[in-house]
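The values are calculated or read from the model by the stated rules, or taken from the named source; none is laboratory data. As the structure is a computational prediction, the values presented were derived from the model and not from experiment. We place every Cβ from the backbone using ideal geometry, glycine too, and count neighbours over all the protein chains shown. Protein only, heavy atoms only, side chains kept; ligands, DNA and RNA dropped before computing areas. Shrake-Rupley method; radii C 1.70, N 1.55, O 1.52, S 1.80 Å.
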Amino acid sequence: MIYNFLLKITGSSIAASFIQSLLPLFLFILPFALFAVLAERKVSAHMQDRLGPMRVGYHGILQTIADILKLLQKEDIVPHDTDKSFFNLAPIIVFVGSYAVFAAIPFSGAFIGANLNLGLFYIIAVSGFVVVGILMAGWSSNNKYSLLGAMRSAAQIISYEIPTILVVVTIIMITGTLNLYTLSEMQTSSFWNWIIFGGPVWGISKFLFIPLMILDFLIIYISTLAEVNRTPFDIPEAESELVAGYHTEYSGMKFAIFFLSEYANMFAVSAIIAAIFFGGFQSPFGYLGNTLGLPWLIPIEQFFWFTAKGLFFVFVQIWLRWTLPRLRVDQLMAVCWKYLIPFAVVDLFLVGLITVL
Amino acid sequence: MSLKTEELVLNMGPQHPSTHGVLRLELTLEGEIIKEVKTHIGYLHRCFEKHAEVMTYPQVIPYVDRIDYLSSMGNEFGYVITVEKLLGIEVPERVHFIRVIMAELQRIASHLVALGTYGVDIGAFTPFLFCFRDREKILSLFEMTCGARLLYNYMWVGGLSHDLHPNFVTQTKEFVKYFRPKVVELNDLLTNNQIFIDRTVNVGILPPETAINYGVSGPNLRASGVKWDIRKIEPYAVYDRFDFEIPVGKGKIGTVGDCWDRYDIRILEMEQSLRIIEQALEQLPDGDVSSAIPRRIRPPVGHAYGRVENSRGEVGYFIISNGTANPFRVKVRAPSFINLGILNELCKGHLVADIVAIIGSIDIVLGEVDR
Amino acid sequence: MMGYFKKGWIALKTIFIGMKVTFKHLFVPAVTIQYPDVKLQLPERERNRLYVNMDDCIGCYQCARACPADCIIIETVKAIPGENLGQTSNGKRKALWVTKFDIDLAKCCYCQLCVFPCPTECIYMTDVYEFSEYYRENLIYDYVTLTPAEREEKKINFANHEKEKAAAKAAAAQKKDSETKKDEKKP
C-alpha cells in the first residue's frame, strides 16, 4: 500500500522502492536505537535499585541525544600502524549487515520493505556480513586484545548460526514458506493460531507441536542472543577482560555506528522471533478497527502489535544481560555444539515425523 | 610435520579493569593456556613501615587504617592489641565487646565488596550494586559512631575514641534483621547460578598442603579444607565467649579449594559474623571506654607480636620498642601479600579468562600487598 | 546421560530464579538520592573540614604535635607585659599572640587526633565537605583573625620588648660591673 502511495507521488518505481526501503531506517531504527539505549540504562538502573539518567530532560529522556551530540564532536582517533581502509570500512559493514535485515521484516500488514519469497534465507545470509565487519575491526585495530575479541566473536557468530538455521528449517516443515509476510499472515485471528502454540492447523499434530515449538523458541532465542553478542555471550565486548574487545580503538562517530548497529541487530532478531513464533503483526485477539468499522485503523494497530512484541523481546534481552554472568569462550562453544545443536536436530526430526504422519 | 609455536608474553598491566588495583601480571601464554604468571607489585608502596618509625604510637593508627582500606577496623584491632601487649595494660570489658562488634561488621562490609567485585569480574553486574547497597548501611553505622565511613581511627591504644552512639544498638539489630534475607537473595542471583558455577568450579584448585606451605591464611585457607581461624585458635578480645562456627570448604560443587569454595566461604562467614554480632549486642556490658587510655604511651624496651583474623587473613604486627615515644620498628604481616604468592600455582594450565576469576577469588587489596 | 539433561534443566532453572530476583527489583523504589538537589543529613560526629575558633586558642601546640600528617603550622609571639589578650571561653587567661595558624587541608587526613588534646576545645571538625578548590594553595586555610599589619605589629612589639629587655640587662650588668670595679678600687 505504501509502495503504491509512493509510486503515485514520485511517478518512478525506482524512486518509490528506494524511498520505501529507506523508510524503516529513518522512521524506525534511528528513533528505536535512541530509545533502546535509554531503555537499557533506565531498565538496568531500576533493576539495581537506582535511577539511571535523570538530569537531561524529564527523567533523562533526552539522554541519548546528549550522547549522540557528544559522540559527534569527538576526535576521530585512528591507531598508528594500521590498514586505514579496513579500519574505516569496518563499522559500515557491520551496520549494513545489521540493517539490511530490516528489508524483509513485516512491520505491518501494509508495509514490508521487500516482499521476498526467500525472506528468512535472505535474513540469515545478510546477517553474516557482521562477521566480516567484526574481523576487519579487530584486525585493523593493531591491538592484541582487539584481535582476540574479534576472533572469538567470529567463532561465536558462525557457530550459533547453525541452531538458528535448524530452527528455521523446522518452521519451514510446519508452514511451508520462508516469506515472513506470509508467515505472519498465516497466524491470524487469535493467539491460539500462533506457531508457538502449534500453528493455524487444527488437529492432534497441533498439540504435539506445542512442547517442540517451545523448545525451538528457546533454542532460537539463545542462539540469536549469541549472534548479537549480548550477555551471557558477550565475550567479544567483555569489559572486565578485554576492555571493549573489537571496538576498543574506535572513538566518536564510528563507535556510535557500532553501538547503533548492535541495537538495530537486537531489534531485528527480536522482530524475527516475534514474526516466526508469535504472530508478527497480528494481534492476539481481534482488531479494534474491525469492531469499530474503521478499516484504515488496522495497519496502525498491526504496527503497534509488532512493535510491542519486538520491544518485549528486547526487554527480555536487557533483563538477561543484567542478571546473568558471562560464559567463558570454551563453555560458549560447548553450549552451542553440545546442547543447542543436538536438541535442535532432535526437534527437527520429531517435527518432520509428525508432519509426515 | 609439527608447527612451530611460540609462547606469547601478554601483559595485564597496572591499569586493568579486573586486577583489583594496580597489579601488573606478566602472563606467558601458549595459545590461550597459561604457562606462567609473574606478578610485579609495588605500584602502591607508600612506605608505611618507615613512616611509622617517626610517629608516636597514637599517630600510627590513621596510617594503619590505610594499609587495607577496605577493612580498616581489622587492621586497627591488630595494632592496638599488639601495643597493649607491649604496654601490658588491660582494657575494660565494654571496649572488648565493642571492638568485636566493629570488627565483625567490618568483616561483613569487606566480604560484600569482595563478592560484588567478583561478580563484576565474572560478568554479572547487578549483585555488585546490591552488595554496595547493603554495605552502605554498615558504613552509616560506622559514621554514626566515629564520624568516618572508611578510615576510622576508632580503636585507640587502651580503648576507643568514642563510646557508642545511643542509637547504635537498635540500628545494628535492625541491620542484622535486614541483612539475612539479602544473603538469600545474593545466593539466588549469583552463588547458585549455573553459569557462575561453570565459571568457578574446578578452577584454581588450591590443595591444603600447598596452602599451608605458602602461608596462606583467612578464607582462602579455610576453603581448602583447613580449619584454621585465629579467633578460635588463639582467641583475642572476648571471642571465646561467643558461639560461632568456622565454615570450611567441603567441595559441595566441584573440588575442595576451587574458586567456588572460596566464594561460598565468604558468604557463610558473613552469616557467622551476623551471629557473633547478635550475641555481642546481647551481652554488651556498661563501662567507660576511655578509662584505660594512657596519657603517655612509652612502652618499655622489648617487642611483641599480635595477630588478628582480618577479612583477608591473618594480620600480624611485630612492634619493637626502644623505650621512646616512637616505635623502633613496626612490621606488618599483610595477608594479601602472602596470599598473592599462590597465584602462579593456581593459574597453571588454565585459560586467560580464568585468571580474572582466580584473582578475584583470592581477594587481594593492593594497599595491603604493597603497604 | 541423565547428567546431561539434568545440567541443562538446572541451568534453565537457576537462570529463571535469577531473572525473578531482578524482575522483583524493577519495582523497588530507588535507594539513591539525587545529590546536588538532595543532600544527606550527616550525623553529629561527622569528621569533615576542620574549624578553629581563634578566640579560644591559647597557642599551646598540642594539636600540631598530635597531627600525624604535620599539616598544622603554628607560630606564636609572647605578649609584652601590660597587654591584655582576654580570656578563653572556659576561663583560661591567654598569654600568647597566635600570629600564624595554617592548616593545609590537602594534607589533613581527617583523623580527628588534633581535636582531643586541645585544652579549650577550640579546634573541631565540622560537617562541611564541599570545599574543593581549583588551586592547591587555596586549600591552605589561615585561621588567624588578626590582620597582617597587626601580626607584624605584635612581632615588632615583641622584638622591641626583647631588645629593651636585653639593653636593660646589659645596662644592669654594666652597672654591676662598674660597681664591683668601684668596690675594688675603694679601699
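Laid out as a table, the results:
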{"read-out": "At R0 = 60 Å, FRET efficiency that the Cβ-Cβ distance of A:VAL96 and C:ALA149 yields, to 0.05", "value": "0.20"}
{"read-out": "Per-residue mean of C-beta atoms belonging to partner chains within 10 Å, peptide C:109-117", "value": "5"}
{"read-out": "Peptide ranges C:150-158, A:214-222 listed from the most packed, as the mean C-beta count within 10 angstrom indicates", "value": "A:214-222, C:150-158"}
{"read-out": "Rg [Å, one decimal], Dmax [Å, integer] - region A:74-356, C-alpha atoms", "value": "20.0, 66"}
{"read-out": "Structure-based [θ]222 nm, chain C - -39500 (n - 2.57) summed over DSSP H runs of at least 4, per residue, nearest 500", "value": "-12500 deg cm²/dmol"}
{"read-out": "Column: log10 I(q)/I(0), Debye, Cα scatterers of the protein assembly as shown, q = 0.04, 0.10 Å⁻¹", "value": "-0.27, -1.19"}
{"read-out": "Accessible area of region C:1-46 divided out per residue, in Å², using a probe of 1.4 angstrom", "value": "75 Å²"}
{"read-out": "Candidates B:SER311, B:SER291, B:SER273, ranked by Gaussian network fluctuation over chain B, Cα under 10 Å, top entry", "value": "B:SER291"}
{"read-out": "Derived scalar couplings ³J(HN,Hα) [region B:198-211; Karplus, 6.51 cos²θ - 1.76 cosθ + 1.60; whole Hz; x for Gly, Pro]", "value": "4, 6, 10, 7, 6, 10, x, 7, 10, x, x, 5, 4, 4"}
{"read-out": "Percent accessible area from carbon and sulfur atoms, chain A, protein chains only, probe 1.4 Å", "value": "76 percent"}
{"read-out": "Local electrostatic count at A:VAL316 - Lys and Arg +1, Asp and Glu -1, tallied over other residues with Cβ under 12 Å", "value": "+3"}
{"read-out": "Over 24 Å (Cα to Cα) - which of A:LYS74/C:LYS39; B:LYS177/C:LYS13; A:LYS144/A:LYS254 fall in this group", "value": "A:LYS74/C:LYS39; B:LYS177/C:LYS13"}
{"read-out": "Rounded Å value of the spacing that divides the Cα centres of region A:19-43 and region A:147-222", "value": "25 Å"}
{"read-out": "Extension gain (nm, one decimal) between B:GLU36 and B:ARG295, 0.36 nm per residue minus Cα-Cα", "value": "87.9 nm"}
{"read-out": "Between A and B, accessible area buried - total, square angstrom, nearest 100, 1.4 angstrom probe", "value": "2300 Å²"}
{"read-out": "Length-normalised contact order of region B:89-163 in % [C-alpha pairs under 8 Å, at least 6 apart]", "value": "30 percent"}
{"read-out": "Cβ-Cβ FRET estimate between A:LEU22 and C:PHE116, R0 fixed at 60 Å, reported to 0.05", "value": "0.20"}
{"read-out": "Per residue, in Å², the accessible surface of region B:1-89 once ligands and nucleic acids are set aside, probe 1.4 Å", "value": "46 Å²"}
{"read-out": "Using θ = phi - 60° and Karplus 6.51 cos²θ - 1.76 cosθ + 1.60, couplings along region C:147-152 (whole Hz; Gly, Pro as x)", "value": "6, x, 5, 5, 5, 4"}
{"read-out": "Net length gained if the chain between B:PHE318 and B:LYS252 were fully extended (0.36 nm per residue, minus Cα distance)", "value": "20.0 nm"}
{"read-out": "Average beta-carbon neighbours from other chains, 10 Å sphere, peptide B:140-152", "value": "4"}
{"read-out": "Shielded residues, region B:193-242 - accessible-area loss of 20 Å² or more between chain alone and all protein chains, probe 1.4 Å", "value": "B:ASN193, B:GLN194, B:ILE195, B:ASP198, B:ARG199"}
{"read-out": "Counted charge near B:ALA325, where neighbours are those whose Cβ lies closer than 10 Å (Asp, Glu -1; Lys, Arg +1)", "value": "+2"}
{"read-out": "B:ARG298 accessible area, 1.4 Å probe, all protein chains in place, Å² to nearest 10", "value": "130 Å²"}
{"read-out": "Under 12 Å from the Cα of B:LYS38 - aspartates and glutamates, other chains or at least 8 residues apart", "value": "B:GLU26, B:GLU345"}
{"read-out": "Under 18 Å from the Cα of C:LYS7 - lysines, other chains or at least 8 residues apart", "value": "A:LYS338, B:LYS252"}
{"read-out": "Of the trypsin sites (Lys or Arg not before Pro) in region C:10-108, those whose Cβ has at most 15 other Cβ within 10 Å and which sit in DSSP loop", "value": "C:LYS39, C:LYS92, C:LYS107"}
{"read-out": "Within straight-line cross-link reach of C:LYS169, lysines at Cα separation under 21 Å, skipping those fewer than 8 residues along the same chain", "value": "C:LYS78, C:LYS155, C:LYS181, C:LYS182"}
{"read-out": "Stretch gain in nm, segment A:ALA334-A:TRP296, where the contour uses 0.36 nm per residue and the Cα spacing is subtracted", "value": "8.7 nm"}
{"read-out": "Net charge over other residues, Cβ less than 10 angstrom from the Cβ of B:ASP363 (K, R count +1; D, E count -1)", "value": "+3"}
{"read-out": "Karplus-derived 3J(HN,Hα), 6.51/-1.76/1.60, for each residue of region B:114-121, Hz, glycine and proline x", "value": "4, 5, x, 5, 5, x, 5, 4"}
{"read-out": "Helix-derived mean residue ellipticity, 222 nm - over chain B, DSSP H n ≥ 4, -39500 (n - 2.57), to 500", "value": "-14000 deg cm²/dmol"}
